[in-house]
Every structure is written in structure tokens, then in C-alpha cells.
Amino acid sequence: MSSSRIGLKQAVAANRLAWDASARLHQDSARWKELTAGFAAPGFSTFDATMTRTLDRLELQGLSGVQIGCNNGRETLSLAAFGAERCLGIDQSEEFLKQAEILKGIAGSDCAFLQADIYALPQGIRRDFDFAVITIGVLGWMPDLDRFFQAVAGLLRPGGRLVIYETHPMLEMFEPAAEQPYLPAYSYFEDGPSVEEYAITYDGGTKQAAPPSFWYIHKMSDIIMGLIRAGLTVTWLEEHPHSNRETCFDIYENQRAQLPMCFTLAAARTGG
Ligand SMILES: C[S@@+](CC[C@H](N)C(=O)[O-])C[C@H]1O[C@@H](n2cnc3c(N)ncnc32)[C@H](O)[C@@H]1O
């Protein structure tokens, strides 16, 4: 992983190419087969126990939600299992949204999917969602967290709620493939993206050449301040000792000196 300076538009465009180029690998995987089989059954959800608890607490029955960075739509579609209705998944990868449409067909869902860059949403988009969801591996693709959260807040009605289930910024300091994986490899205060030229996969092992992609490390203070500046009031924050990342990060679980590995956060849009 090396570092690079690049503008927001260029980074977002490059990341779109990289995700599109990685889509086929995902559809050829055992995970995809599990999804197609799973969504054939009513009430199927891919959310883990932590996120299930969080969503249960939010009581989503009859509410309409938007997921930003929905990828193949597995989680947007899973929101139906919590009673949510007419949800929207937004992602800039056309190739992954083709997969989302296949899963939607299998599930017989009333979700919609929109191909759009979160930094350049279309004019006529709905802006009265009851809740918004951001999960695993979205914040790191965002070159500007303040503008990102402003776009997210703009999709919510006043009083609408945001829930985040993401990688803990401290985990970003470690490199599981390093010779000494338990020593911090990157600064918590890393400024500027790292660039990868491999397909983006979730197993952490597959190394197939792909267009360059740009990944940003944001501190916990960047996240909290971004939410505050976007007019979102944090109502819940919990740090967890388990991993919700690629399996290569599992080596950091169950340690005597345990790192925080992921977090759940809820916030509400205040004001009119
Ligand atoms: C790791 S995936 C999210 C996976 C999802 N949390 C899940 O578990 O199924 C990140 C997604 O963010 C999308 N993305 C990255 N930058 C984006 C942007 N500027 N606008 C919209 N989507 C973006 C990518 O295309 C990718 O599908």
C-alpha cells in the first residue's frame, strides 16, 4: 500500500472503476450462492447479531430507509426483515447494482436501487427518509467526510435517524499481512489516501490486478465532528471487540490487550 495525493472527483471516479472491475469476482463466489439461496426465503437477513440488535432497537416497522454504499444490495434488501418498507440503496457501482437487481428479483422486494455518487446526488431524489444506514467499509472510500455526512443528512427528514456499523479507526492502524501484524503499521493520523491496485474482495487474500482505488483513514474525531457539522446529534456510540471486516482481520480478535475493532453509532437529524 502506498500513499498518493488525488482530488475528490478523481478519487471517486477511480474507485468506481475499481469496484466495477471487482464485481465479477464477487458474483463468482460462494457468498453469492448463499445470497441467492437466502433471499429465496422470506425474512432473510444478512445482518450479524450486533447490527440485528441495533436495528431491533430502532423499531423500523413501516419506516422507509436509505442505505448509502449498498454494494450488491444484500443489506438494503435485509431491512425488510425488520419491517422497513420502500427502502432505497444508493451505490455508484453499476456492476454491483446489477447484482442488487438480481437479488431483488429473487426476494420479490419493494426496494429500489439508484446508481449515483453520494457527492453528486440527482436533483429529484427523495429527501424524507425515516432512517439511513451505513455499514462496513463505506467511510474509508470517502475523500471528504464532512461533505459525505452533509449529503447523508440531506436524505433524512427532520428527526430522521442515521445508523452506522463500521470499522473502528484504530483497526486501520494494523496490517494483517505485515511481517509483524501486531505492531501498528500506519499512523492513526494518516493524512491522504492509500492506493491499491488489486481487485476489491472480502477474503483479504485474492490478489488480482485491477484499476487503482483510493482508501482514506478517518479518525474517530473526524467521524464525530463530521456528524456534528452536518447537523446530526449522536444518540448512541458503542465500540466492539469483534471484527466485521475481511477474515484476515480475525487475528486481532480475542486478545488479552484487545483493540476496538468496529463500532455502532446512531444519530438523529435535528432542525427543520
Ligand atoms: C465495502 S462496500 C459496502 C458493502 C456493504 N456494507 C455490505 O456489507 O454489503 C462499499 C461500497 O461503497 C460504494 N461507494 C464508494 N464510493 C462511493 C460514492 N462516492 N458514492 C456512492 N457509493 C460509493 C462502492 O461502490 C461499494 O459498493
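Given the options Ile223, Ile217, Ile200, name the one that is at pLDDT below 90 and surrounded by 17 or more Cβ atoms within 10 Å (Cβ to Cβ). Walk me through it before giving the result.
Working: Ile223 fails: at pLDDT below 90; Ile217 fails: at pLDDT below 90.
Going through Ile223, Ile217, Ile200 in turn, just one is at pLDDT below 90 and surrounded by 17 or more Cβ atoms within 10 Å (Cβ to Cβ): Ile200.
Look at Phe96 and say whether it is at pLDDT 95 or above and either away from the ligand (no atom under 14 Å from the Cβ) or touching a Leu at 6+ places or on another chain (Cβ under 8 Å) (or both). Let's see the steps before the verdict.
On the way: at pLDDT 95 or above: yes; either away from the ligand (no atom under 14 Å from the Cβ) or touching a Leu at 6+ places or on another chain (Cβ under 8 Å) (or both): no.
It is false that Phe96 is at pLDDT 95 or above and either away from the ligand (no atom under 14 Å from the Cβ) or touching a Leu at 6+ places or on another chain (Cβ under 8 Å) (or both).
If you take the residues of the stretch 74-111 that are of a type in the set (Val, Ile, Thr) and in a helix (DSSP H, G or I), which of them is farthest from the chain's Cα centre (by Cα)?
Residues of the stretch 74-111 of a type in the set (Val, Ile, Thr): 76, 90, 102, 106.
Remaining after also requiring in a helix (DSSP H, G or I): 76, 102, 106.
Working: Thr76: 11, Ile102: 20, Ile106: 23 Å.
Among residues in the stretch 74-111 that are of a type in the set (Val, Ile, Thr) and in a helix (DSSP H, G or I), the one farthest from the chain's Cα centre (by Cα) is Ile106.
Is there a residue in the stretch 159-169 that is at pLDDT below 95 and under 30 Å from Leu17 (Cβ atoms)? I'd like the intermediate steps shown before the answer.
So in the stretch 159-169, the residues at pLDDT below 95 come out as none.
No, the stretch 159-169 contains no residue that is at pLDDT below 95 and under 30 Å from Leu17 (Cβ atoms).
Just checking, which of Arg24, Arg5 is surrounded by fewer than 14 Cβ atoms within 10 Å (Cβ to Cβ), more than 10 Å from the ligand (Cβ to nearest atom) and farther than 30 Å from Ser187 by Cα? Break it down stepwise before answering.
Working: Arg5 fails: farther than 30 Å from Ser187 by Cα.
So the residue among Arg24, Arg5 that is surrounded by fewer than 14 Cβ atoms within 10 Å (Cβ to Cβ), more than 10 Å from the ligand (Cβ to nearest atom) and farther than 30 Å from Ser187 by Cα is Arg24.
Looking only at the stretch 136-173, which residues are in a loop (DSSP other than H, G, I, E, B), over 20 Å from Thr264 (Cα atoms) and more than 13 Å from the ligand (Cβ to nearest atom)?
Once the filter is applied, which keeps residues that are in a loop (DSSP other than H, G, I, E, B), over 20 Å from Thr264 (Cα atoms) and more than 13 Å from the ligand (Cβ to nearest atom), the stretch 136-173 yields only Gly154.
The values are calculated or read from the model by the stated rules, or taken from the named source; none is laboratory data. This structure is a prediction, so every number in the text was calculated from the model and none was measured. Cβ coordinates were reconstructed from backbone atoms using ideal geometry, including for glycine residues, and neighbour counts include every protein chain displayed.
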